[in-house]
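See structure below.
What follows draws every value from the coordinates through simple rules; no lab data is involved. As the structure is a computational prediction, the values presented were derived from the model and not from experiment. Note: ideal-geometry Cβ built from the backbone for every residue, glycine included; neighbour counts use all protein chains shown.
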Amino acid sequence: MKVGIFYGSTTGNTEQAAHKMAAYFPQAEVMSAADGSDLFADYDLLILGSSTWGLGDLQDDWDAAINKLRASQLSGKPVAVFGLGDQSGYPDTFVDAMGALSQAAQAAGAHLVGAWPAQDYDCLASAALDGDHFCGLALDEENQGNLSDERIKLWCTQIANEIA
Ligand SMILES: Cc1cc2nc3c(=O)[nH]c(=O)nc-3n(C[C@H](O)[C@H](O)[C@H](O)COP(=O)(O)O)c2cc1C
């Protein structure tokens, strides 16, 4: 199975998480969304990540890539999303960009996997929230960085089980 992990990252947190995820998927390819935006349809499983900037905005590397994602042929393809954010600094827009990735992937026909429980986070609102779950893995290096490695491990195992 060809696994493509695409990230948008300004200070390196999302990029680092993407590389940690690759350890759980043999032969996964990791690249920035800006570099790989013509390749979304080439993979059997896509893992897409963005940090959130401004007030709820996608990271810059996704600016053009999000339209290419939306226009890709991803019918029935499993896609998982992850987001980096700061729940205490930005409690109203926590990991909003992950919600934008999920909407674009679903518009392209993708089958979203990897919903993640929101109970261990403290945010008021997020475009990535659907009831008591996020649409994908939320990571917070500012406030819960000590939990990230374990969260990544559990989430990658969850995805592998969901697509098995
Ligand atoms: C100016 C600024 C705006 C930010 N806006 C948000 C936001 O709206 N929501 C959020 O969850 N995090 C926000 N963050 C936190 C970043 O998403 C977080 O630091 C993230 O880990 C950065 O990841 P990166 O290094 O991969 O870009 C913001 C940070 C800064 C400095």
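Given the criteria more than 13 Å from the ligand (Cβ to nearest atom), part of a strand (DSSP E or B) and hydrophobic (A, V, I, L, M, F, W, C), does M31 qualify?
Here the answer is yes, as M31 does meet what is asked.
Looking for whichever is out of contact with any Leu (no Cβ under 8 Å at 6 or more places or on another chain) and hydrophobic (A, V, I, L, M, F, W, C) here; the options are L74, L46, L55, L69. Which one fits?
Checking each option against the conditions leaves just L55.
Return only the number of the condition from (1) within 13 Å of the ligand (Cβ to nearest atom); (2) out of contact with any helix residue (DSSP H, G or I) (no Cβ under 6 Å at 6 or more places or on another chain); (3) in a strand (DSSP E or B) that A17 does not satisfy.
(3)
Taking the stated definitions as given, is L48 more than 8 Å from the ligand (Cβ to nearest atom) and over 27 Å from A125 (Cβ atoms)?
no
Cβ-Cβ distance below 6 Å, separation of 6 or more or different chains: which pairs start in region 75-97 with a residue that is within 10 Å of the ligand (Cβ to nearest atom) and end on one that is assigned to a helix (DSSP H, G or I)?
G83/A97; G83/M98; L84/N13; L84/T14; D86/E142; Q87/N143; S88/N143
In the list G4, G56, which residue meets the criterion of being within 19 Å of A104 (Cβ to Cβ) and within 12 Å of the ligand (Cβ to nearest atom)?
Exactly one of G4, G56 is within 19 Å of A104 (Cβ to Cβ) and within 12 Å of the ligand (Cβ to nearest atom), namely G56.
From the list E15, E29, which residue is in contact (Cβ under 8 Å) with a residue 12 or more places away in the chain and surrounded by fewer than 18 Cβ atoms within 10 Å (Cβ to Cβ)?
Exactly one of E15, E29 is in contact (Cβ under 8 Å) with a residue 12 or more places away in the chain and surrounded by fewer than 18 Cβ atoms within 10 Å (Cβ to Cβ), namely E29.
For the list (1) closer than 24 Å to T11 by Cα; (2) within 14 Å of the ligand (Cβ to nearest atom), I need the number of the one condition that A118 fails.
All conditions are met except number (1).
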